[in-house]
Amino acid sequence: MAGRARWWVCAALGGLLTLGGAVPAAAQLSTPLEAEWEDAFRWRSIGPANMMGRVSDVEGIPSPSRTFFVAAAGGGIWKTTNNGVTFRPVFDPGRVISMGDLAIAPSDTLQVWAGTGEPDSRNSISPGSGIYKSGDGGLTWELKGLERTQTIGRVVVHPTNPDVVYVAALGAIWGSNPERGLYKTEDGGETWELKKFISDEAGFVDVVMDPRDPEVLFAASWERVRGPYFLNSGGPGSALWKTTDGGESWTEVAGNGFPTAVKGRIGLALAPSNPDVMYAMVEAEEEEDGSGGNGLYRSDDGGTTWEKTSDENTRPFYYSQVRVDVENPDRVYFSSTPVKYSDDGGRTSGNTTVGVHVDHHAMWMDPNDPNHMIVGNDGGIALTWDRGGNWLVPNVIPIGQFYHVTYNMDTPYRVCGGLQDNGTWCGPSRRARGSITNYMWATVSGGDGFVTAQHPTEHDVVWAESQGGNMARLDLATGDRTSLVKPAWRDRYLEYEDSVLVVWDDSLNAPPTAAQERIDRFRELQQADSASRVLRWNWNTPFFISPHDPDVFYAAANRVMKSTQRGDDLQIISEDLSYADPEKIRISTRTTGGITPDVTGAETFATVVSLDESPLVQGKLYAGTDDGRLWLSPDDGQTWIERTGAYDGLVPEGTYVSRIEPSQHAAERFYVTFDNHRRNDFTPYVLVTEDDGESFRSIAGGIPQEWPADGPNFVHVVREDPVNPNLLFVGTDLGVWVSTDRGENWQRFQNGLPTVPVHDLRIHPRDRELIAGTHGASIWIVDIAPLQQLSDVRMAEGAILFEPAPGLQFGDAPVGGESTGQQFFQGESARFGAKLTYWLPEAVEGRRVDVVVTDDAGTEVATVTGTGREGVNTALWNLQGPAPTPVALSPAARRDSLRTVGMIREVADSLVENEGADREQMDQMLEGIVSGNMARLFGGGGGFGGGGARPSFRDRPGETPVLAGRGGRPGGGGAMNQNTMRQVFGALRDRGMGFDALRGRGGGGGGSPVDPGRYTVSMTVGDRTLSVPHEVIRDPGFTVEETSGPSWLFGAESWYELFERLAEADFGVR
């Protein structure tokens, strides 16, 4: 088995050796990528959206409007104008993505406010950076200040004057800061006045306004702070406050039934139908007489006196939302793990979100319809139109919060990853035809998902885990699940007990001296061995399978463990690698949470959090801890060498080791990233060593570091390219950065990828794609094959033809099939075939280039026509050979063919003359139909033709447009788009052309799929002929009879299927 695994690694990298020759170790691209190169590397989203992701707020425009906004905890803002059928992202300022609260001005619903920074203070949240305002319904945004507040819990807008806005700013999450409190603007955000300040550790989390008198407000202050190993919710700064003069003066609300003991988080709501009725979700210590404490409190006299109506208040730091029915002041909803509802003010209650994901953070009540309500939780949103009796969950927003991702070596490869509170999911990286939808994704493990691993040759074997190191191995083909047993002290303890009994089993008499000495020795060993097996498992436990032998499995708690049987026989191979501070351990495992203990394991401290093995030296291990220690073992865990002191002065002491990346090119080189945001430090830390950790140097200088101007750019991960040793990628809390000179310079690598925390990056060695596991936008992929081959030397030589990633021949398993309308998620697949990329220093004559594919014998297999403009160009080979020789037509068939061609020309002329269609596109379309070779029209890449074809969101996808698109940037010399094709084919159908007549335009446009193997791709530019090798890989289940990509009619067998294919088609080459 070990030999086979090593062969796999060599085989995966062996296909890249030609690239390695093209990019010698000394070569690099010393200047930043120009804009044309950035455009060549465009990310694509593959989802999933099945589970959506954590939502911090929902705000809607009152009915009959069908518009509402969703604020994702780490995924920006999404808008729907059709009651949740479709959504589009509308917020990406580039420097922040964590969302706190939304507010829509009641007197001008085009004015939308977005307070950034999530107030639900779990261990993985990101800081915000101020408040933004939109004046056009969320299409554009402007920063309006308060950048240093980090967290905004609530925004309230005056009912008649949209320039008057109140902001409850909670302040820094991971430390103290003075930029917190209750702020007010009276000029639409141009200036702000701090109306109420409590302390550097207590800000405001909620504020409500009396609908009868906007000068009367209630506001809740909250003292809370997080640290690397604790959450402390509650303190003297937490209180309920009231103002009757618009914030000029405040009075604390306490007593008369409202808790006077130390309080924590408070959530507020006024009954719209009777604002004298007020509810508060209160976190509080019990009074000396046993009264008070956590629960729901109600006032019937505007906050003067209070009654506790319910003890229900689960995890107040995470929920604490309460809303009141718009017509009935006794019907109240309050968030818990489910949403609770009550018709008697909270005295009795039931659950109203059965069948909906748990952990609720947001509720919106339609002011004009008491039956209409939207909730937001760790699994997205849910809508009801009957007061919670039935719920709709529109799983179409890809805001999944992935911690880690992995790939396998299947064809195409599968991606698996673990998400916050949504388990572990696996899905395809691409399809042969169509989009990647939710149907293609499957959950394989529950809980909070984290690390996954996939067997390199047994494609159905996957390892996954839930929080706290609960690891399992799964066989996706059979459904078998094997839980991995953690080493524990009890079994070994009992073994020593047995040894004692062997020495002396007479419990009534004392043993002789010699026997007692042996017993004492066993007791010493028993105590020491038991202590060594008391393990602390991080919430996000690291594990991996060895790149040298997939039977070897490593994991870590506070000690490192190894198994030689795929995880079934874990044995401890290290001492405690943390500092093991007993007080920090006690707090993190016993008392964290504050007033309400929340000992879930999320804060468990003094643990290993980064673990890896050198891909060059078997058994050379690396480990990093959450309290800042770094270790190396040269001998598979027999000895461990600490390297912590080697980076003194480069990284603050005790900083979390977020990732260790052993080099694939130099055995003594490895990279380390450190993440100190848990101590309110957002600096990016990226180090490299060339001498096995004897010394380090920082390579993070080119990553923007100024807070808050540059946003929180702390680093989660670094990856070294397996082909080009000078090519590095890092994932920060804002996105991806790339260096082409091994860390000397960095630039943002974000084309198509939204601003989002990137917690993991992986590079697929065969397909040469970079995979990003984001914590707020699910999973994204980008082709980096050309980037791996760039160097100063090659740029100086002139035109470059890049070796493409292998062409993959595979089919699609049947999934789904029912009609969905427009409410479904579509991830973007790479085009089927081989993407051929080349760079031209100047445009060529005719602006077209022929790229020729030949087989091993030198026989021409295919010629693909691509664009010849200056800069980066792409063409697509569909992996098919030459078209078969046409069969001579009979006289009758020839007449039918001429009649069909005449009808096609008539349709094209009519659309141009009478309906404003684009003549150039119509001529191209006509040429493709008459020749039976549509595919040749889609090789240009670049733009996407008609107006609005990118971004992909379409406001009315359920209907076809009347006119062809205009005004889009032409790509590939005037590329086709869906609108043009639908228009032409629709007109042909409406004029009575049978589909068989259309399909009979010939078998042109390509023959049968070529055989797998090695090919040569060539092109001639001027007097230079450039050639590169290319490999075609076939999935074992693929047959040549399968539809292996878009034929000239996209594999359709009827008019209906053709229009279905056109709805899915994407004519831009990636």
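Just so you know, all these numbers are worked out from the coordinates, no wet-lab data involved. Note that this is a predicted model, so its numbers are computed, not measured. Using ideal geometry, Cβ is built from the backbone for each residue, glycine included, and neighbour counts are taken over all protein chains shown.
Miscellaneous remarks
- MRE, 222 nm, helices only [DSSP H, n ≥ 4, -39500 (n - 2.57), over the chain, to nearest 500]: -4000 deg cm²/dmol
- Between T337 and V503, full extension at 0.36 nm per residue minus the direct alpha carbon distance yields a gain of 54.3 nm.
- Footprinting exposure proxy for K584, K263 (fewest neighbouring C-beta atoms within 10 Å first): K584, K263
- Against the compact-protein benchmark of 2.2 N^0.38 Å, the Cα-based radius of gyration of region 734-839 scales to 1.32.
- Computed magnitude of the charge dipole of region 195-281 (debye, nearest 20; Cβ of K, R +1, Cβ of D, E -1): 340
- Full-stretch length increase - E286, T589 - with 0.36 nm per residue and alpha-carbon distance subtracted: 106.8 nm
- Cβ-Cβ distance of V485 and D549, R₀ of 30 Å, FRET efficiency by 1/(1 + (r/R0)^6): the value works out to about 0.90.
- Ranked D856, D581, criterion: other C-beta atoms within 10 Å, fewest first: D856, D581
- In this label model, E193 and T513 are separated by 9.0 nm, measuring between points 7 Å along each Cα→Cβ vector.
- Residues A883 and E842, FRET efficiency given R0 of 25 Å [Cβ-Cβ distance, rounded to 0.05]: 0.15
- In nm, spacing of pseudo-spin labels at N82 and T820 (7 Å Cα→C-beta vector): 1.4
- In percent, rounded to a whole number, the relative contact order of the chain is 10, using alpha-carbon pairs under 8 Å and six or more apart.
- Residue (of H548, L240, V1040) at the positive-pole extreme of the chain, dipole from beta-carbon charges: V1040
- When only alpha carbons are used to place a centre, region 534-561 and region 127-182 end up 42 Å from one another.
- Within region 492-534, the proportion of C-alpha pairs whose separation exceeds 17 Å stands at 30%.
- Here, the chain is characterised by an Rg to Rh ratio of 1.00, where Rg is the alpha-carbon radius of gyration and Rh the Kirkwood radius.
- For region 426-467 versus region 187-217, the inter-centroid distance based on Cα atoms is 46 Å.
- Cross-link table K184/K308; K79/K242; K79/K184; K184/K340, entries beyond 28 Å C-alpha to C-alpha: K184/K308; K79/K242; K184/K340
- Region 67-384: C-alpha gyration tensor shape, a/c 1.5 cut-off, then a/b vs b/c: rounded
- One chain, two ends: R991 and D856. Fully extended at 0.36 nm per residue, the span grows by 43.8 nm beyond their Cα-Cα distance.
- With a simple spin-label model that places each label point 7 Å from the Cα along the Cα-to-Cβ direction, the separation between D410 and T478 comes to 1.7 nm.
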